[in-house]
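Engineer: Take this structure, written in structure tokens, and hold onto it; I'll ask about it next.
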Amino acid sequence: MLGVQSVLRAEWQTVALAAWRELRARRLAGVALAVAASVAMIGLHGLQELAATDRYVRLVGEVRADQPLWVSLLRTPVSVLVPTRDQLPWGGLPRLILSLGLAQLLLGWKRTVLVGYAATLAGTLSARVMVAIGPDHFAGVPAAYAHDVDTGASAAVLGLFTYLSVRLRAPVLCLVTVVPTVVGSFLKPNLAGREHIVAFVLVAAVALVQELRAPRGPTTPSAPDGAG
């Protein structure tokens, strides 16, 4: 029990208290990414609901595996903020705000953007590989999956929570935010679920390598990059 209490106390200090101190010091600037991303996602959802503007949202943010690679790469940054069409954005907004807010406060905005985009890009590119492999291989998917629209922030959110959990040695954060998504992806191995698994494995591997190369005390979070 003493060991569990020590781990929980360390996580409380490195995650909750550290984030609160940064928020008090930097105020709204400390969570600017979370605010901007939430406003953008709500705005894009509104544009999706209008026939006159929906085609423009598709033009700048719709990613599919059957597109030329350069088109997908150009659209991927916007696709993160385009809500999945079969789900309302409200359910995912709290996770988006929490992941971006915690990451910016504890890691800095540069690393937050880098980790979130890397996780999204890994999922997007892995979809092409899985379609190319085909359904005859355990890692492949049917060719029809290439036409599925691949948007949303779920891979970025999962990547950020995974990176935070490993780098801050936060098992409770991992149990609450990472494990349910990963387990759900295994239970429902559709294209999105497989992309989540790829994003999780990639980010977890990078974070673990960084831990091994630069070990530190369990109660000392890495300093945020820059001022915001």
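Engineer: Criterion first (open to solvent by less than 50 Å² (accessible area, probe 1.4 Å), in contact with a helix residue (DSSP H, G or I) (Cβ under 9 Å, 6 or more places away or on another chain), closer than 19 Å to V178 by Cα and hydrophobic (A, V, I, L, M, F, W, C)) does L81 satisfy it?
Structural biologist: no
Engineer: May I pose another question? Kindly check whether there is at least one residue in the range 48-68 that is within 18 Å of the chain's Cα centre (by Cα) and surrounded by fewer than 19 Cβ atoms within 10 Å (Cβ to Cβ).
Structural biologist: no
Engineer: Among the residues of the range 106-147, which ones are part of a loop (DSSP other than H, G, I, E, B) and among the charged types (D, E, K, R)?
Structural biologist: D136
Engineer: Continuing with this model, one more query. For a quick check of your reading of the model, give me the residue pairs whose first member lies in the range 109-126 and is of a type in the set (F, W, Y), whose second is surrounded by fewer than 19 Cβ atoms within 10 Å (Cβ to Cβ) and part of a helix (DSSP H, G or I), with beta-carbon atoms closer than 8 Å and at least 6 apart or on different chains.
Structural biologist: Going by the 8 Å Cβ cut-off, the qualifying pairs are W109/A32; Y117/P77.
Engineer: Right, next: What number of residues within the range 143-169 are among the aromatic types (F, W, Y) and over 24 Å from A204 (Cβ atoms)?
Structural biologist: 1
Engineer: If I ask for residues that are within 23 Å of L88 (Cα to Cα) and either open to solvent by 20 Å² or more (accessible area, probe 1.4 Å) or not in a helix (DSSP H, G or I) (or both), which ones from the range 151-181 would you list?
Structural biologist: Within the range 151-181, T151, G152, A153, S154, V176, V179, P180, T181 meet the criteria.
Engineer: Give the residue, chosen from A16, A36, A10, that is out of contact with any Lys or Arg (no Cβ under 6 Å at 6 or more places or on another chain) and at pLDDT 95 or above.
Structural biologist: Residue meeting the stated conditions: A36.
Engineer: Considering the range 175-197 alone, what residues qualify as being in contact with a helix residue (DSSP H, G or I) (Cβ under 6 Å, 6 or more places away or on another chain) and β-branched (V, I, T)?
Structural biologist: T177, V178, T181, V182, I197
Engineer: Okay, next question. Taking the stated definitions as given, is E195 of a type in the set (D, E), at pLDDT below 90 and part of a helix (DSSP H, G or I)?
Structural biologist: In short, no.
Engineer: Regarding L164, is this residue in contact with a His (Cβ under 9 Å, 6 or more places away or on another chain), closer than 18 Å to H196 by Cβ and modelled with pLDDT of 95 or more?
Structural biologist: So L164 does not fit the description; no.
Engineer: Within the range 96-115, which residues are within 12 Å of the chain's Cα centre (by Cα) and farther than 15 Å from V35 by Cβ?
Structural biologist: L114, V115
The values are calculated or read from the model by the stated rules, or taken from the named source; none is laboratory data. Since this is a predicted model, take the numbers as computed values, not measurements. Don't worry about glycine lacking a Cβ; one is built from the backbone with ideal geometry, like all the others, and counts go over all protein chains shown. Heads up: the accessible areas ignore ligands, DNA and RNA and are worked out on the full protein's heavy atoms, side chains in. Shrake-Rupley method; radii C 1.70, N 1.55, O 1.52, S 1.80 Å.
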